[in-house]
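The values are calculated or read from the model by the stated rules, or taken from the named source; none is laboratory data. Keep in mind that this is a model prediction, so the values were computed, not measured. All Cβ positions, glycine included, derive from the backbone under ideal geometry; neighbour counts span all protein chains shown. Areas reflect the complete protein model, heavy atoms only, side chains present, ligands, DNA and RNA absent. Shrake-Rupley method; radii C 1.70, N 1.55, O 1.52, S 1.80 Å.
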Amino acid sequence: MTFFADTKKLPPDSLLQLITDFRNDPSPDKIDLGVGVYQDEHGKTPIFEAVELAQRRLQADEESKTYLGPLGWPGFADEVRKLVLGNTLEEKLADRFAVLPKPGSSGALKSTGTLVHRLNAAAKIWLPDPTWANHIPIFQSCDLETKPYAYYDNDATSLDREKMYADLEKADAGDVIVVHGACHNPTGEDLSAEDWQYLTNLALEKGIVPFIDIAYQGLGQGFDEDMENVRGLLDVVPEAIICYSFSKNMGLYRERVGAALVLTENTEIAGRVQSNLNEIARRSYSMPPSYGGALAWYVLSDPDLNASWRKELEQMRKRVLSLRGQVTDALSAEFGDNRFQYIKSQNGMFSRLPLAPEQIAQLKSESSIYMAGDGRVNMCGFTPAKIERFTELLVKVAK
Ligand SMILES: Cc1ncc(COP(=O)(O)O)c(C=O)c1O
């Protein structure tokens, strides 16, 4: 018997499989609503102009490829913290933060999950139901117990507020509650300001640690608007964990650019937490990749590049908003009722269609319409012509 002979074949990730199936589908009419990235009207995921300029500057400026150490590209960590906090909170809270660059928000989730387990192995990590599909396996790989809390009512196509509060009441001191910063994936349904206040009170009164995953800043209500509730919470709670991603809002998907940020009670504790984050990284991948962090640093720290980035991001946000409106109007006209109005009011690229798995499978096999198995659709997969074809087919399957 050889060493690898008994290796079990694992099933492919269902979303990655969907991408492959779409690619292999020869239909000229196929529609990809399953993709998890921003796409323009030509189905392209563009490189931001500011990022292209940053690449050129980096190439001209960089003189060595030697190791940089745990903080990666100099200045990146500070810029991310400033971005998260905004000017007012930066002055007030900067020295209570530990920050480490990470390979994407995924890398940040893994490292902070490891930190949580290290500090409280009994901590339960509460996740919205549903949540981004990779949250659960990442936290479980940190040996943490994951617990779902009610979040979205699929039939009512809205937040399941009463059940959510009832579930969150069950969290104990030292537990961690994960919320999505803005543009909840997969539903597009975000917490209200009152819900954030509820979470803040829970943290203050019960000693629960808020954990905010920010993967879509600027794609919801607006660049600073998307951070309002997050900042409101950070302003008053003693402790919080934040994972930040530049995949979507800077188009740096493959560079793997993100950060882990931990708010602590004071500077001295922040220093100790920082040393733990550094050590967790050291024993895993040693040091962060610097290329993407360098690009993000150029964009964030140069006023012209920063303005150009935000302008382009705002155009993307507006395009997604417009698609939301077009899809809602087309579906409302085709179905003759208001059941899809919720799509218009949700945030970010995703919404969920209340379809059964058989209906989703039928749309794929008979009409080459691809969406995630839970009914998640990406608005960016639509164009006016595709909306027309899609609504006609959907009414046949769902009426
Ligand atoms: C909520 C959420 N968190 C994290 C991620 C992962 O982002 P990254 O590419 O930075 O690892 C995603 C990606 O889709 C996401 O939706």
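Does residue 60 satisfy the criteria of being closer than 20 Å to residue 217 by Cα and out of contact with any His (no Cβ under 6 Å at 6 or more places or on another chain)? Don't jump to the end; show me each part of the working.
Values: closer than 20 Å to residue 217 by Cα: no; out of contact with any His (no Cβ under 6 Å at 6 or more places or on another chain): yes.
Judged against the criteria, residue 60 is not a match.
If I ask for residues that are under 16 Å from residue 76 (Cβ atoms) and either within 12 Å of the ligand (Cβ to nearest atom) or open to solvent by 60 Å² or more (accessible area, probe 1.4 Å) (or both), which ones from the range 250-289 would you list?
Answer for the range 250-289, where residues must be under 16 Å from residue 76 (Cβ atoms) and either within 12 Å of the ligand (Cβ to nearest atom) or open to solvent by 60 Å² or more (accessible area, probe 1.4 Å) (or both): 250, 252, 255, 256, 257, 258, 259, 260, 289.
Of all residues in the range 1-31, which are out of contact with any Ser or Thr (no Cβ under 9 Å at 6 or more places or on another chain) and outside any loop (DSSP other than H, G, I, E, B)?
Those that are out of contact with any Ser or Thr (no Cβ under 9 Å at 6 or more places or on another chain) and outside any loop (DSSP other than H, G, I, E, B): 14, 15, 16, 17, 18, 19, 20, 21, 23, 24.
Residues of the range 305-318 being open to solvent by 30 Å² or more (accessible area, probe 1.4 Å) and either in contact with a helix residue (DSSP H, G or I) (Cβ under 8 Å, 6 or more places away or on another chain) or free of Cβ contacts under 8 Å to residues at least 24 places away in the same chain (or both), which ones?
Correct list: 307, 308, 311, 312, 315, 318.
Tell me, please, whether a residue that is not basic (Lys, Arg) and not in a helix (DSSP H, G or I) can be found in the range 50-61.
Applying the first criterion (not basic (Lys, Arg)) to the range 50-61 yields 50-55, 58-61.
With not in a helix (DSSP H, G or I) added as a condition, the list becomes none.
Looking through the range 50-61, none of the residues is not basic (Lys, Arg) and not in a helix (DSSP H, G or I).
Scanning the range 90-137 for residues that are among the basic types (Lys, Arg) and within 10 Å of the ligand (Cβ to nearest atom), which turns out most open to solvent (accessible area, probe 1.4 Å)? Reasoning before the result, please.
From the range 90-137, those among the basic types (Lys, Arg) are 92, 96, 102, 110, 118, 124; that's our starting set.
Those still in the list that are within 10 Å of the ligand (Cβ to nearest atom) too: 102, 110.
Working: 102: 5, 110: 82 Å².
Of everything passing the filter in the range 90-137, 110 is most open to solvent (accessible area, probe 1.4 Å).
So in the range 139-149, with the set limited to residues that are under 20 Å from the mean Cα position of the chain (by Cα) and open to solvent by 20 Å² or more (accessible area, probe 1.4 Å), which one is farthest from residue 347 (Cα to Cα)?
141
In the range 161-248, which strands (runs of 3 or more DSSP E) lie fully inside it and hold 3 or more residues that are out of contact with any Lys or Arg (no Cβ under 7 Å at 6 or more places or on another chain) and more than 21 Å from residue 346 (Cα to Cα)?
Of the strands (runs of 3 or more DSSP E) lying wholly inside the range 161-248, those with at least 3 residues that are out of contact with any Lys or Arg (no Cβ under 7 Å at 6 or more places or on another chain) and more than 21 Å from residue 346 (Cα to Cα) span 209-214, 240-245.
Does the range 200-224 hold any residues that are buried (at least 21 other Cβ atoms within 10 Å of the Cβ) and more than 12 Å from the ligand (Cβ to nearest atom), and which are they?
The first filter runs over the range 200-224 and keeps only residues buried (at least 21 other Cβ atoms within 10 Å of the Cβ), leaving 208-220.
Answer for the range 200-224, where residues must be buried (at least 21 other Cβ atoms within 10 Å of the Cβ) and more than 12 Å from the ligand (Cβ to nearest atom): 208, 209, 210, 218, 220.
Table: residues versus (1) out of contact with any strand residue (DSSP E or B) (no Cβ under 9 Å at 6 or more places or on another chain); (2) outside the structural domain of residue 74 (by TED's automatic domain parsing); (3) among the basic types (Lys, Arg).
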{"position": "248", "(1), (2), (3)": "yes, no, yes"}
{"position": "251", "(1), (2), (3)": "yes, no, no"}
{"position": "255", "(1), (2), (3)": "yes, no, no"}
{"position": "258", "(1), (2), (3)": "no, no, no"}
{"position": "264", "(1), (2), (3)": "no, no, no"}
{"position": "272", "(1), (2), (3)": "no, no, yes"}
{"position": "277", "(1), (2), (3)": "no, no, no"}
{"position": "284", "(1), (2), (3)": "yes, no, no"}
{"position": "310", "(1), (2), (3)": "yes, yes, yes"}
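Of all the residues that make up the range 349-375, how many are free of Cβ contacts under 8 Å to residues at least 12 places away in the same chain, open to solvent by less than 60 Å² (accessible area, probe 1.4 Å) and in a helix (DSSP H, G or I)?
1
Where residues in the range 227-240 are in contact (Cβ under 8 Å) with a residue 40 or more places away in the chain and open to solvent by less than 10 Å² (accessible area, probe 1.4 Å), which of them is farthest from the ligand (Cβ to nearest atom)?
Restricting to residues being in contact (Cβ under 8 Å) with a residue 40 or more places away in the chain and open to solvent by less than 10 Å² (accessible area, probe 1.4 Å), the top hit is 234.
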